[in-house]
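Here's the structure, in structure tokens; my notes come after.
The values are calculated or read from the model by the stated rules, or taken from the named source; none is laboratory data. All of these numbers come straight from a predicted model, not from anything done at the bench. We place every Cβ from the backbone using ideal geometry, glycine too, and count neighbours over all the protein chains shown.
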Amino acid sequence: MTARPVRARRGAWALGLWGALAVAHVAWAAAPLPPGVDADRLHQLAADLRCLVCQNESLADSTAPLAQDLKREIAERMAAGDSDAQILDFLVARYGDFVTYRPPLAPRTLLLWGGPLGLLGAGGLLLWRQRRPGGPTSGPAGPVPHDPLADGS
């Protein structure tokens with residue numbers, strides 16, 4: 001009979017802890033920008049970057065803790081006077097070309113840029129080979145057995 005009040009207390013503590021964490025997260029995410037940081041510039045730069053946690057969401061739209069850290073890092077670099085190109089170079093050096101939605105055309109990204117074209121070309125070649133006259137599907141599958149009735153005997 002004492003198990004029920006203990007569970008209720010544990011549930012109340014867990015609920016209270018989750019509530020406190022939620023309030024702390026909202027307060028942490030809504031921290032004011034450092035002085036001298038243009039919010040529109042920050043949003044535009046963050047919109048051009050990929051969230052490393054979500055991967056299909058921009059940094060500007062993500063609420064992941066790492067995204068919040070990266071936005072804060074970008075704001076601090078803007079406040080320090082870094083240009084967009086310097087901030088982008090810093091993030092690419094730290095996280096790789098994956099952080100950008102538009103990776104550069106370079107030898108290390110040729111597979112990324114050429115892969116879809118190569119797959120499309122391979123699929124077209126396969127389709128062409130299957131559809132052409134005299135292709136693999138137009139002839140018999142194997143040797144034709146001799147039919148004694150066919151020659152009139």
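Find the helices (runs of 4 or more DSSP H) located wholly in the range 65-153 whose residues include 1 or more that are at pLDDT 90 or above and touching a helix residue (DSSP H, G or I) at 6+ places or on another chain (Cβ under 7 Å), and list them. Steps first, answer last, please.
Numbers: elements: 65-79, 84-95, 110-131.
Ranges flagged: 65-79, 84-95.
Can you find even one residue in the range 45-59 that is touching a residue at least 12 places away in the same chain (Cβ under 8 Å), surrounded by fewer than 17 Cβ atoms within 10 Å (Cβ to Cβ), within 19 Å of Pro103 (Cβ to Cβ) and touching a Cys at 6+ places or on another chain (Cβ under 9 Å)? Within the range 45-59, one or more residues are touching a residue at least 12 places away in the same chain (Cβ under 8 Å), surrounded by fewer than 17 Cβ atoms within 10 Å (Cβ to Cβ), within 19 Å of Pro103 (Cβ to Cβ) and touching a Cys at 6+ places or on another chain (Cβ under 9 Å).
Would you please name the residue that is surrounded by the most Cβ atoms within 10 Å (Cβ to Cβ), looking only at residues in the range 92-134 that are among the aliphatic types (A, V, I, L, M) and in contact with a strand residue (DSSP E or B) (Cβ under 7 Å, 6 or more places away or on another chain)? Walk me through how you get there before you give the answer.
First, pick out the residues of the range 92-134 that are among the aliphatic types (A, V, I, L, M): 92-93, 99, 105-106, 110-112, 117, 119-120, 122, 125-127.
Checking the rest, the ones that are also in contact with a strand residue (DSSP E or B) (Cβ under 7 Å, 6 or more places away or on another chain) come to 92, 99.
Working: Val92: 16, Val99: 19.
In this case the residue turns out to be Val99.
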